[in-house]
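Report on one structure; see the data block that follows.
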């Protein structure tokens, strides 16, 4: 089995997901803002303290191909902290992320019944900071939960294997996640994602294979003694 990271032509597939208008309340209590995607509003520096696609582009997307199934992680900052070149050690920083699977053996518009189904059972995220001297000790973000209980969709399609994430009928989405303040010498943070999934062996089959889909996302943290600015966005803002 070969696992490889892709950011080529298949990146267009995820645009169907990101094109859906995001609305609703924050999953964080007490934070009243619109958590919809908001790519970085100002150009990021050509040099960052820690190499990061997320910081440079204002979003992160990866394609992990396992036996013809494309697993897609997508992360982006929220409107509360949209300027990724102004993420400093102090203060909270907010992001959202999605996770979805595509059966590459079928065309995008082929009937759903002809595609291999993928179910997400558990989603886990750990973190570790990076300093100019190397690995830090702070862990500013953590998550370990049953996917169907925390996804933004209040009624996801579920089975005994978890929630459906096969495009176009299912996707996992988690909004407005808070990265806590970090030590002042922090220059980056790695988010390590692990998704426990069940993959149908063939369309219509009752046999599923359990796998763990892992992805590390580096994020730059810029030197400053000022806190990251958090915008207050009204709930009904467009």
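Annotations
- The condition of being surrounded by fewer than 20 Cβ atoms within 10 Å (Cβ to Cβ) and on the phi < 0 side of the Ramachandran plot holds for only one of 128, 123, that being 128.
- Members of segment 166-180 that are over 21 Å from residue 191 (Cα atoms) and crowded, with 21+ Cβ neighbours inside 10 Å: 166, 167, 170
- Residue count for segment 101-114 under the criterion of being touching a strand residue (DSSP E or B) at 6+ places or on another chain (Cβ under 6 Å) and in a loop (DSSP other than H, G, I, E, B): the result is 1.
- Which listed residue is in a loop (DSSP other than H, G, I, E, B), closer than 24 Å to residue 135 by Cα and at pLDDT below 80, from 89, 45: 45
- Among the residues listed as 74, 81, 98, the single one being assigned to a loop (DSSP other than H, G, I, E, B) and in contact (Cβ under 8 Å) with a residue 40 or more places away in the chain: 81
- Which listed residue is surrounded by fewer than 12 Cβ atoms within 10 Å (Cβ to Cβ) and free of Cβ contacts under 8 Å to residues at least 40 places away in the same chain, from 232, 207: 207
The values are calculated or read from the model by the stated rules, or taken from the named source; none is laboratory data. The model shown is predicted, which means the values in this text are computed figures rather than measured ones. All Cβ positions, glycine included, derive from the backbone under ideal geometry; neighbour counts span all protein chains shown.
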